[in-house]
Every structure is written in C-alpha cells, then in structure tokens.
Amino acid sequence: MGLKPSPQESFVLFPLDGRRFALPAGDVVELSRTGSVQLFPHTTAALLGVLVRRGEILPVWDLAQILLGTEEATLKYCLVTRRNSAGEEWTAVPVSGECQMLHCEMLPPPEGSAKYVRGVLLLDGQPIEVLDLKELKAGCASAYASEHKSLGQEEGQA
Amino acid sequence: MRAKRLGPADPAIREPNAVILFRVGPYRLGIDARALKEIRNVRGLAAKDFEGIATLSAHDFLGVPPGPGERVLVLRQGRVALRVDRVERMVEASVVRPLPRAFQGAEREWYRGFAMAGDMVFPLLNPDMLERVSQLPVPQMLPSGGVEEGSLGEGGASWV
C-alpha cells in the first residue's frame, strides 16, 4: 500500500458518542431525523431497526455499538448511504449530531487499522477514520455467521 | 429527482390486506387478519378452552421482556394461539415489502416482511412459522379462569 495521500475528495464528518468519523461524500445520499426509525424484535447483531425513506425500507446499522461498543448512544440523525453497483441495498447510519462537509486529502490507514478503515483525515491535528461501510457490514455478517456456527457446534456437542 | 436517486425498490406485494395490529412489549406488529380465527381476552380463560391448542408467548418467542399478555390470537389453520399484550385495531396494508437483506437472523422466518399502512410501517408476522414452532415441545399453557371473548368471522373481525 502506497503512503501517498489521495487527491482531494469530499467527506461527510459525523459525531458518534464523543468521537468523529467520516464517510466519503459520494456514499451519502441524505441526512434525516432518526425519529422515524422503527424498532422491532430481531436477532441480527449490529442492526437497530429500519427507516422508511420514500417508500423504501432501509436497514439501520448500529454504528455506535459496532465501532464503540456503546449500547445506548444518543442518536439524532441518520445518514442514508448509497446503494453500490454490486446491488447492495441502501442503508441508514445513525449519528449523534450535526454533520460537516470536508474537502481534503485522505491519508492511507495507519498500519494495524481495522479492515473497515479506508483512510484517515487530519482535522485540527486529530486523525479521523474514514469508514468503508461495505467492509464494516461484511465484518458484522461474518461475525454473525461464525457466532451461529459455533452455537450450532455447541448444540451438536450437547 | 431524489426518488430516482434512491434506486429501484425491492419487489413488493401490492395487494390490499386486512391486518390486525397488536403490541408485544413496546413493539407494534401485525398479522394478516385472514390467518386468524379469533381474538380472546386472557382474563378469565379456562384451560379447557384451549384444550389441544398450543399457546405460544410472543414475548418468549420474540425475545421481548415479559408483559401483561392480555390477548390471545387464535390462528385459523391448525391448533395454535399466540399470546400478546394488546390488540390495537385492524388496518388495510397496501404494500408488503420484504425484509432488507441485512437482516440475517431468525427474523427472516418470523416475518413475511414489512407492511405499510398510511404512515405506519410494521413487521408482518408469518403465521406458517407459528404453526411450525407450535410443533416443537413444551408449548406454554394459559392460566385458568372464566372467559371473555370476541370472534373473527369469515373475512371480518370483531373483538373485545
């Protein structure tokens, strides 16, 4: 992996329970109030519920729990993220407060960063992780699969 | 146009369905009214009224903390009933959308999808799954007592 920064790009910075993260602006379609997130009983970890946007049912990812292990973060808005070319569905990501647009260079992720860190931005000398939602979701899905596989093995042994 | 930016919708079932709305803990859920035989008030039900009927607790089944469980939804097919906290009303759901693919757990079996009625969106319980679950061992039985009930006729509904 090269250490040269990428050309300037636009990012959406968002607060999440006292920390800040970023998403490439191209991944974000809109910002909406979280008031309309529908909670319902389910067993998929890392998902909060669903959000209805223009007749579409979007899964709402519990980013605070995934990234920070926070069970009950104060969430005010949802970033609605773009469906990718691979046919992945639209998703919503709840955040703790006002978002900010930033046009700057993204630095490569520091060594040892999680797979979902696409790079970092430097703002006021502070590094801000740029998230790769696809990697993040893939990580959650595989964690769920392995958890259920091990549960199945335990049941089989019992 | 923003609607276009949200891309093509997942395939949705677009037939008007009468849906019974009910509560399990803080959650609102629905079930197709055609799947129900009757709705009963638990208060005063005698065990003999549910002889041979497997009664499932929606709280246990969905992993929701215990609640009052005051109403029982008796399914039309088979011998199964579901105990819920309360029944709200019947609505007409114009669209039923599939669960987003991100949901990978047991909920894919529990629900037929999300029903939309006016401003409301709620998961629609899958009655076939209740039938299957009822065939598992140790169904939960109801307490004994008298009976208060309302019944769902063919194609219509009324309840206490």
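Worth a mention:
- Seen from B:PRO123, the other residues with C-beta closer than 14 Å to its C-beta sum to a net charge of +2, counting Lys and Arg as +1 and Asp and Glu as -1.
- Net charge contributed by nearby residues that have their C-beta within less than 15 Å of A:VAL37 (K/R +1, D/E -1): -1
- Listed by Cβ neighbour count within 10 Å, with the fewest neighbours leading, A:LYS137, A:LYS76 appear as A:LYS76, A:LYS137.
- In this structure, the amide hydrogen of B:TYR111, modeled 1.01 Å from its nitrogen in the peptide plane, lies closer than 5 angstrom to those of B:ASN126, counting only residues at least 5 positions away or on a different chain.
- In a DSSP loop and with at most 12 other Cβ atoms within 10 Å, the GluC sites (Glu not before Pro) in the stretch A:48-117 are A:GLU71, A:GLU72, A:GLU98, A:GLU111.
- Net charge of neighbours whose Cβ lies under 14 Å from the Cβ of A:PRO24, counting Lys and Arg as +1 and Asp and Glu as -1: -3
- Listed from fewest to most Cβ neighbours within 10 Å, the set A:THR44, A:THR74, A:THR91 follows the order A:THR74, A:THR44, A:THR91.
- Packing-based exposure ordering (other Cβ within 10 Å, fewest first) of A:LYS134, B:LYS48: B:LYS48, A:LYS134
Just so you know, all these numbers are worked out from the coordinates, no wet-lab data involved. These numbers were taken from a predicted model, which means no experiment stands behind them. Positions of Cβ are backbone-derived with ideal geometry, glycine not excepted, and every protein chain shown enters the neighbour counts.
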